[in-house]
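Shown next, in structure tokens, is the structure this report addresses.
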Amino acid sequence: MKTKVKELRTAAGMTQQQLAERVHVSARTIISIEKEQYSPSLMLAYRMAEVFGVTVEELCCLRENREREDRKYGDLP
């Protein structure tokens, strides 16, 4: 899943380790999210959104991800 975590983190001048500590996960988790290898849980997304002062929808690019998924699966009932 695409997110804005890396973009927001770098704009805030934070390292992956600093963000990880603020949201109570490992730096490896942040790295995996930034590489789109791991989708954050709702609670983790909420915590990161709070850190950056954005909505979960913005952080997780929900509109874009939904459109991408809709194209992938087409018109399923």
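Nothing in this text is a laboratory measurement; each read-out follows from the coordinates by a stated rule. As the structure is a prediction and not an experimental result, all values here were calculated from the model. Quick reminder, even Gly has a Cβ in these numbers, built from the backbone with ideal geometry, and neighbours come from all protein chains shown.
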Of all residues making up region 29-45, the number that are out of contact with any Cys (no Cβ under 7 Å at 6 or more places or on another chain), in a helix (DSSP H, G or I) and surrounded by 12 or more Cβ atoms within 10 Å (Cβ to Cβ): 7
Here the residues within region 57-75 that are assigned to a loop (DSSP other than H, G, I, E, B) and loosely packed, with under 12 Cβ neighbours inside 10 Å are 74, 75
